[in-house]
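A.B. asks: Quick one: this structure, given as structure tokens, is what I'll be asking you about.
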Amino acid sequence: MKYRIALMAALALAMLPAWAQSKKAAAKPPAAKAAQAPAAEVKDAATLEFEKFRAEMEDSNPAELFEMKGEEQWKSKRGPKNVSLAESCDLGLGIGKIEGAYVRMPRYFADADAVMDAERRIVWCMVEKQGFKFDDIASKPFANANFTPDITNLVTYVAGHSRNMKLDVPLKDPKVREAYEIGKEIAAYRAGPYDFSCNTCHGSDGKRIRMQNLPNLSTPQGALKGVQGWPGYRMTGGVMLTHQWRMGDCFRQQRFPQPKYASDAVAYLLTYMIGNANGQVYKGPGIKR
Ligand code: HEC
């Protein structure tokens, strides 16, 4: 067991090149400053700046900016078919109804014959109702330093309309229940070069990698940690990211091939995780470290 945790820690360090890079980029001072100040001082200044930034962000949640963009995109006529999502997209509570829709997904949608999480469903609407091409959306599904996809804004907007509502994944629906059970199996499925499953890192209490607590997704409290704050503005890199991204990135940590964007596998895992958090209050889009 000890060996396993040590291995995991090493692996986590080795596997986060994206962070390391963005941290480096964020800490890079302007050329003039760098010439005057020794490296340690520059780093301190960057740390101070970061703390100031975080304090400011606690007052005004940057996710709100993305919600605003998402609202505009939800309401405007877009895509080859020139229709709005507001007038065409059913998130499970009726066309255009978004109040409380996020906390009731994943759910089963008969028109798509699939269990869908919020992001998958909105993508489906963009393709089926607005005429966008799935492959175009899936080719750049997540934000980076220079770009935030429309889908991220839209998910954030929809999620914002479930703020302070209870999670209520309809697990009594047999299709959703089945998705939950498969999700549970995926979480326990061990494979890859290190024989990891999600549960290796997230299946028991008190696990940590570096300074981070790894939530135990099989318990209501742990699962809630995996739900709360998503979609979230990630301080590392300064980008807005969704649950779909989180799942994909953890597959990467596991050294599995990443699942296809908006696929069954991700929807099932989310059904399992969010379902485990059922009954607890979702606080809306947030901030992640
Ligand atoms: C090698 C260990 C490891 C494995 C395996 C792993 N994760 Fe993670 N997971 C992490 C780490 C480390 C973080 C925290 C990353 C961060 O803070 O940026 C994390 C974060 C998360 C979070 C976000 C928690 C929060 O506080 O918001 C979720 C949800 C999650 N993982 C789900 C999964 C799922 C589902 C799988 C299986 C597909 C999985 N993880 C596999 C290490 C792992």
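A.B. asks: Does TYR194 fit the bill of being of a type outside the set (S, T, N, Q), assigned to a loop (DSSP other than H, G, I, E, B) and within 14 Å of the ligand (Cβ to nearest atom)?
C.D. replies: Judged against the criteria, TYR194 is a match.
A.B. asks: In segment 259-281, what count of residues is obtained for those that are part of a helix (DSSP H, G or I) and either away from the ligand (no atom under 12 Å from the Cβ) or among the aliphatic types (A, V, I, L, M) (or both)?
C.D. replies: The total comes to 9.
A.B. asks: Another question, if that's okay. Anything in segment 218-258 that is within 9 Å of the ligand (Cβ to nearest atom) and among the aliphatic types (A, V, I, L, M)? List them, or say none.
C.D. replies: If the condition is that a residue be within 9 Å of the ligand (Cβ to nearest atom) and among the aliphatic types (A, V, I, L, M), then ALA223, VAL227, MET247 are the ones that fit.
A.B. asks: While we're looking at this one, here's another question. Please verify whether LYS166 is buried (at least 16 other Cβ atoms within 10 Å of the Cβ), charged (D, E, K, R) and touching a helix residue (DSSP H, G or I) at 6+ places or on another chain (Cβ under 8 Å), treating the condition exactly as stated.
C.D. replies: Values: buried (at least 16 other Cβ atoms within 10 Å of the Cβ): no; charged (D, E, K, R): yes; touching a helix residue (DSSP H, G or I) at 6+ places or on another chain (Cβ under 8 Å): yes.
For LYS166, the condition - buried (at least 16 other Cβ atoms within 10 Å of the Cβ), charged (D, E, K, R) and touching a helix residue (DSSP H, G or I) at 6+ places or on another chain (Cβ under 8 Å) - is not met.
A.B. asks: Please state which of the following conditions VAL103 fails to meet, knowing it meets all the rest: (1) farther than 22 Å from GLN258 by Cα; (2) in contact with a Ser or Thr (Cβ under 8 Å, 6 or more places away or on another chain); (3) part of a loop (DSSP other than H, G, I, E, B).
C.D. replies: (3)
A.B. asks: If you don't mind, there's one more thing I want to ask. Hey, does segment 80-89 have a residue that's over 13 Å from PRO170 (Cα atoms), modelled with pLDDT of 95 or more and of a type in the set (D, E, K, R)? Spell out how you get there, then give the answer.
C.D. replies: Taking segment 80-89 as the starting set, the residues that turn out to be over 13 Å from PRO170 (Cα atoms) are 80-89.
Now drop any that are not modelled with pLDDT of 95 or more, which leaves 80-89.
From the residues that got through so far, the ones that are of a type in the set (D, E, K, R) too are 81, 87.
Yes.
A.B. asks: Ok, one more. Mind checking which pairs have a first residue in segment 221-250 that is over 18 Å from ALA138 (Cα atoms) and a second that is near the ligand (Cβ under 9 Å from one of its atoms) and among the aromatic types (Phe, Trp, Tyr), Cβ under 8 Å, 6 or more apart or different chains?
C.D. replies: Partner pairs satisfying both residue conditions: THR236/TRP19; GLY237/TRP19.
A.B. asks: I would also like to ask the following. Can you pull out the residues in segment 191-237 that are within 16 Å of ARG289 (Cα to Cα) and charged (D, E, K, R)? Before the answer, list the steps.
C.D. replies: Taking segment 191-237 first, the residues within 16 Å of ARG289 (Cα to Cα) are 208-215, 225-237.
Once the filter is applied, which keeps residues that are within 16 Å of ARG289 (Cα to Cα) and charged (D, E, K, R), segment 191-237 yields ARG208, ARG210, LYS225, ARG234.
A.B. asks: Working only within segment 164-191, note down all residues that are among the β-branched types (Val, Ile, Thr) and either part of a helix (DSSP H, G or I) or more than 16 Å from the ligand (Cβ to nearest atom) (or both).
C.D. replies: Taking segment 164-191 first, the residues among the β-branched types (Val, Ile, Thr) are 169, 176, 182, 186.
Selection gives VAL176, ILE182, ILE186.
A.B. asks: Same structure, new question: Please state which of the following conditions GLN253 fails to meet, knowing it meets all the rest: (1) of a type outside the set (Val, Ile, Thr); (2) modelled with pLDDT of 90 or more; (3) within 16 Å of the chain's Cα centre (by Cα).
C.D. replies: The single condition GLN253 does not satisfy is (2).
A.B. asks: Residue by residue through segment 120-140, note down the ones that are buried (at least 18 other Cβ atoms within 10 Å of the Cβ) and in a loop (DSSP other than H, G, I, E, B).
C.D. replies: Within segment 120-140, LYS129, GLN130, PHE132 meet the criteria.
The values are calculated or read from the model by the stated rules, or taken from the named source; none is laboratory data. Just so it is clear, the model here is predicted, and its values are computed rather than measured. Note: ideal-geometry Cβ built from the backbone for every residue, glycine included; neighbour counts use all protein chains shown.
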